[in-house]
Amino acid sequence: MSRATALMRQLMRFGAVGSVGFVVDVALFNLLLLVGTSSHLHGAAVLAKVVSTAAAIAVNWLGNRYWTFRDVRRADVAREAVEFAIVSILGSAVTLACLGFTHYVLHLTSPLADNISANVVGLALGSAVRFVAYRGWVFATSRSSAHVPESVLG
């Protein structure tokens, strides 16, 4: 398989895994936003996004480890998980920055504005950061000395 084909396959799998994570993220975000807004909880939008993002990170790690990057996953699961979390938090910070900017600087505070800034613009920019960092650091083929053969992991 050519490098371009392998990259496209990885991107498609990353997108599919990300789509599942996206559904978890958006559904939980909106549920928490609804609860927080109805109880007049200060900072509900950002808190809701932090919680929903954490849940999506867990879902995405499992999907990326066992499907997208399964050929280059590493034996040191704990270290891989920590690195994945670091990159995910970095990507999430991009998303939160978009939400924070539109919500607190531009004062666009409707649920629609929050969703567009967090779940469209922020998520797209954060996903690009994550894919590059996952591929280049967390699941880098150059770290293959720590690679666990597929036959061992199943």
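When ASN30 is tested against the conditions (1) at pLDDT 85 or above; (2) closer than 28 Å to PHE139 by Cα, the lone failure is (2). Scanning segment 110-152 for residues that are modelled with pLDDT of 90 or more, hydroxyl-bearing (Ser, Thr, Tyr) and over 12 Å from the mean Cα position of the chain (by Cα) gives SER110, SER117.
Of the residues THR109, THR95, only one is among the hydroxyl-bearing types (Ser, Thr, Tyr) and either over 19 Å from GLY15 (Cα atoms) or out of contact with any helix residue (DSSP H, G or I) (no Cβ under 8 Å at 6 or more places or on another chain) (or both); which? Just a single option satisfies the conditions, and that option is THR109. Condition check for ALA45 on (1) at pLDDT below 90; (2) under 25 Å from ALA16 (Cβ atoms); (3) among the hydrophobic types (A, V, I, L, M, F, W, C): one failure, at (2). Would you call PHE101 out of contact with any His (no Cβ under 8 Å at 6 or more places or on another chain), surrounded by fewer than 19 Cβ atoms within 10 Å (Cβ to Cβ) and at pLDDT 90 or above? Yes; evaluated as a whole, the condition is true for this residue.
Just need a number here: residues in segment 108-146 that are under 23 Å from LEU28 (Cα atoms) and without any contact (Cβ under 8 Å) to a residue 24 or more places away in the chain. First the steps, then the outcome.
Here is the first cut: in segment 108-146, the residues under 23 Å from LEU28 (Cα atoms) are 108-131.
In the following step, the residues that additionally are without any contact (Cβ under 8 Å) to a residue 24 or more places away in the chain were identified as 108, 110, 112-113, 116-117, 120-121, 124, 128.
The qualifying residues number 10.
When both residues are 6+ apart or on different chains and their Cβ atoms are under 6 Å apart, which pairs have a first residue that lies in segment 84-98 and is part of a helix (DSSP H, G or I), and a second that is polar (S, T, N, Q)? Partner pairs satisfying both residue conditions: SER92/THR53; CYS98/SER117.
The values are calculated or read from the model by the stated rules, or taken from the named source; none is laboratory data. Bear in mind the structure is a predicted one, so any value in this text is a computation, not a measurement. Heads up, the Cβs are rebuilt from the backbone with ideal geometry, glycines too, and the neighbour counts pull from every protein chain shown.
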